[in-house]
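The values are calculated or read from the model by the stated rules, or taken from the named source; none is laboratory data. Everything numeric in this text was worked out from a predicted model, so none of it was measured. We place every Cβ from the backbone using ideal geometry, glycine too, and count neighbours over all the protein chains shown. The accessibility values were calculated without ligands, DNA or RNA, using every heavy atom of the protein model including side chains. Shrake-Rupley method; radii C 1.70, N 1.55, O 1.52, S 1.80 Å.
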Amino acid sequence: MSQTKLPTLGRLTVSGAKAQMKTQNVSMVSTPCLVADIGGTNSRFAIALIGALDVIDLTHSQTFLVEDYPTLDDAIGDYITTLPAALKPRHGILAVAS
């Protein structure tokens, strides 16, 4: 079986409550993107935005208890209702624990 090498997007650095990633020669969409980490206890949501010098800023981060929502769709919907209209995402990336 052959393996395909995926492009490296960059390095993610975390400082306090703010995460940033400097991209390396990768074309990316500059519209708001929902990013989420779905675990067994908590669901963490944020909006990723491309800033100056291709730095990805994570903003409007919130954490929800998984047990408070019957479905993932309900949790995402609840999060999106808290966002200003300009930050409503059209794309999303989810990391889900198994």
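With a 1.4 Å probe and all protein chains in place, put 61, 98 in order of accessible area, largest first.
The ranking, largest first, comes out as 98, 61.
I want to check the label-to-label distance for residue 71 and residue 54. Put each point 7 Å from Cα in the C-beta direction and report it in nm to one decimal.
3.9 nm
What accessible surface, in Å², does a 1.4 Å probe find on residue 47, ignoring ligands, DNA and RNA and rounding to the nearest 10?
Its accessible surface works out to 0 Å², give or take rounding.
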